Structure formats: structure tokens, C-alpha cells
Amino acid sequence: MVCESWKAELDTYLDGEVPGEDMRTFDAHVRSCPSCSADALTRVQVKRAIQAAGRRYTPSAAFRKRIQQKIVSKPRRSFGLGWTLVAAATVILVVGTLTSAYLGTRSGRDQVFSEIADLHVATLASSSPVDVISTDRHTVKPWFQGKIPFAFNLPELQNTEFSLLGGRMTYLDQTPGAHLIYDMRKHHISVFVFQERSLPAKLDHDSLSPKQQPFNLETWSQGGLRYFVVGDASSADIDGLAKLFKAAS
Amino acid sequence: MPYFEPLCNLACWLTHDRQEAEDLVQKTYAKALKCSFSFLPGTNFRAWIYRILRNAFPSLRTGLKATETPESILLQRSDEQLVRQILEQLPVAYREILLLCEVEEMSYQEISTTFAIPMSTVMSRLLRATKRYAGLAAPVCK
């Protein structure tokens with residue numbers, strides 16, 4: 001596939017708007033093409049910068065109060081019409097608040113999952129994806145001491161098809177965590193570990209929106225830590241690595 | 001009040017004037033109450049109320065682009081400030097669609113509903129907005 005034709009759709013891909021089968025083809029291409037990977041990373045960084053800079057204006061409490069008072073004290077032409085307007089306002093506020101709460105929650109969860117996928121892609125596209133290069137968990141685990149405010153166990157991989165490549169420090173919404181990279185039949189799988197209480201959104205496995213995830217992802221909470229296992233390996237392989245971590249913790 | 005803060009944020013970006021933005025948001029909620037019958041339950045409330053705000057913003061409705069006088073370019077203090085400057089230099093139509101996509105995280109379908117334009121137009125407008133942003137960013141970031 002010619003890169004130029006993909007680059008024109010890169011933003012659509014990163015927005016998760018490329019339809020089903022094309023998304024998988026696009027994934028495969030981005031992972032195998034250094035040029036498109038680098039462009040994807042750059043675009044992700046630009047999108048994050050716009051998102052951060054765009055949240056600039058917040059309304060004052062006085063303005064909020066003024067609007068609320070206007071809504072409540074809207075003049076009524078007649079008793080019947082007035083109550084109709086109040087009822088309509090109540091319906092809008094209730095529906096809007098429920099929708100807002102749902103979308104706000106979903107948006108927060110989706111943002112976490114989206115950032116996890118971004119961290120995975122960005123790290124693999126990096127020229128130095130790991131800070132500690134080792135296949136030995138007894139080397140990688142102590143490397144994190146003093147760098148992250150928690151400890152976690154790495155699983156024994158003997159007699160499995162997984163191999164540890166190394167690890168690095170990472171951040172999710174300014175929360176420090178551990179990022180481990182595993183290899184599984186030429187697929188790279190990332191394992192992220194964060195403190196559950198520091199994460200920006202409440203997560204559970206049911207909050208995954210499979211059709212919006214370009215990778216297979218498994219997440220769970222254990223011992224006050226939130227684990228994410230993400231990669232383009234099959235969901236069975238992702239699940240397999242997740243089980244090893246769960247057994248080790 | 002649903003979406004009060006994001007609506008205020010977008011209104012400020014569109015008008016560049018806090019007072020005008022507050023007027024715009026006030027008009028939006030007043031219109032939303034008045035036209036509550038036009039909201040179909042089960043459809044996208046966010047797109048509906050954003051469309052009301054857009055319709056209430058005169059330069060978008062008439063197709064006129066808000067003329068901007070770029071402020072003198074400041075020395076680089078932070079990436080965020082630079083990004084804001086670049087965003088402010090964008091034509092309103094491009095600024096708006098980038099903010100809805102990147103800040104409000106609207107799907108293309110929601111943007112299509114909010115703007116009442118086809119999905120293909122959403123994608124092409126986003127592409128043009130992105131390219132214009134990149135064009136403005138290149139000399140600033142050197």
C-alpha cells in the first residue's frame with residue numbers, strides 16, 4: 001500500500017473513524033511502516049497539544065448564576081404556558097444532565113483507553129522504546145524502585161511464548177507508572193501499571209468500547225493497581241499475558 | 001445546565017470577547033428552552049445544543065469569517081501558548097471544527113449533525129483545518 005494514500009487518511013484513522021476492516025489494514029500498515037508510524041506519533045502529539053490548549057476558557061460563577069436565574073425566572077404569558085415552559089426546561093435539564101453525565105463518564109474512560117493506545121504506539125515508534133533492556137524480570141523490577149510510587153510483580157515466563165524486552169517509566173495524565181514491553185511471536189505487547197486511585201476516570205472491563213479500540217486490550221484492577229495489557233496480538237494472547245500477571249500479583 | 005462549561009469555552013474561542021461569549025451562551029440556552037420541542041428524545045443532545053450555539057453566532061450563520069488581527073507574535077513561553085496563538089489565527093470555521101473534534105472529542109457523526117453537513121464534508125473540512133494549522137505552526141515553531 002502506497003504510504004501517501006494512507007497519510008491522507010491518518011487523522012481519520014487516529015480519530016477512530018476509519019471503518020472496520022480498513023482500520024485493521026491501516027493498523028497493520030502503521031505498525032510496519034516507520035514513516036507512517038512517525039507521522040502518526042507527530043499527529044498524536046499535535047492533537048494532544050490542541051486539546052490541552054483548547055480548554056482555555058471557564059465561565060465565572062456569577063455568569064452561571066445569572067443564566068440559571070434567567071432560566072428559572074423566564075416571564076410567563078399565561079399560567080398554562082408558563083408551566084409548559086417549566087416542564088420543558090425540566091425535561092431538557094434532566095435529559096441533558098443524564099446524557100452529559102453518561103457522555104462525560106464515557107468520554108473520560110474513552111480518553112484513558114485512547115491515551116493507553118497512544119502510549120503503546122508512540123513507544124513502539126520510538127528509537128529507544130525501553131529504558132531498561134532486559135529479558136530478566138529480576139533486573140527490570142528493581143529498576144523501577146524509586147522511580148514509581150508502588151511496586152508490582154512481573155510474571156515468570158518460562159515455558160510460555162512471551163518474552164520480556166524491557167521497561168520504561170511512563171505517565172498517564174501526569175500519573176507515573178510502569179510500561180513493560182513483551183514480545184510474542186513478533187507481536188509487541190505493552191503492559192502498563194498505574195495506581196488505581198491516581199487515574200482520571202473510573203474504569204472497569206465493561207467500559208471498553210471494542211469497536212473503537214484499534215488494538216486488543218485487557219484491563220483489571222488488583223491490589224490497588226490498574227493494569228492495562230494492549231497490543232495487536234490476538235485477544236487470546238493478550239488474555240494469556242494478563243492471566244500471567246494476575247497470577248504473579 | 002448541560003454542557004455549560006464547554007459551550008462557554010467554545011463561545012469564547014468563536015467571539016474572542018468574554019462578554020459577547022456570555023451573551024452567545026445566554027442566547028443558546030434561551031433558544032434551547034424555546035425550541036425544546038425540536039429536540040427528538042434519543043437523538044444526540046450535545047449536537048443539538050451545539051448547533052443552536054452555532055446558529056446564534058452571526059458570522060458563522062451568514063458565512064462571513066470573523067476578521068482577526070493577529071496579535072504581535074510573542075517570544076515562545078510555552079507550547080500551550082504557541083498552540084493557542086496558532087488556533088487564534090485560524091479562520092473561525094477551521095478553528096471551530098478543530099476544537100469540536102480535538103477538545104470536545106465529538107465524533108464525525110456528531111459534527112455532521114451539529115453543522116448539518118455530510119460526513120464527507122466534515123472529513124474534508126477537518127483535513128483543510130489540519131493543513132492550515134500545520135502551515136501556521138511551521139514558521140512559529142522554527
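The figures follow:
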| quantity | calculated |
| --- | --- |
| All positions within region A:166-183 that are at pLDDT 85 or above and in contact with a Leu (Cβ under 8 Å, 6 or more places away or on another chain) | A:Gly166, A:Gly167, A:Thr170, A:His179, A:Leu180, A:Ile181, A:Tyr182, A:Asp183 |
| Long-range neighbours under 9 Å by Cβ, at least six apart or interchain, first residue at the interface with another protein chain (Cβ under 9 Å from one of its Cβ atoms) within region B:97-114, second modelled with pLDDT of 90 or more and outside any helix (DSSP H, G or I) | B:Leu98/B:Leu90; B:Cys101/B:Ser107 |
| Region A:11-54, residues that are part of a helix (DSSP H, G or I) and facing chain B (nearest Cβ under 9 Å) | A:Asp11, A:Thr12, A:Arg43, A:Val46, A:Lys47, A:Arg48, A:Ala49, A:Ile50, A:Gln51, A:Ala52, A:Ala53, A:Gly54 |
| Hey, B:Glu105 in a helix (DSSP H, G or I) and either touching a Leu at 6+ places or on another chain (Cβ under 7 Å) or of a type outside the set (Lys, Arg) (or both) or not | no |
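The values are calculated or read from the model by the stated rules, or taken from the named source; none is laboratory data. Bear in mind that the values here come from a model prediction, so they are computed numbers and not experimental data. Virtual Cβ from ideal backbone geometry, glycine too; neighbours counted across all protein chains shown.
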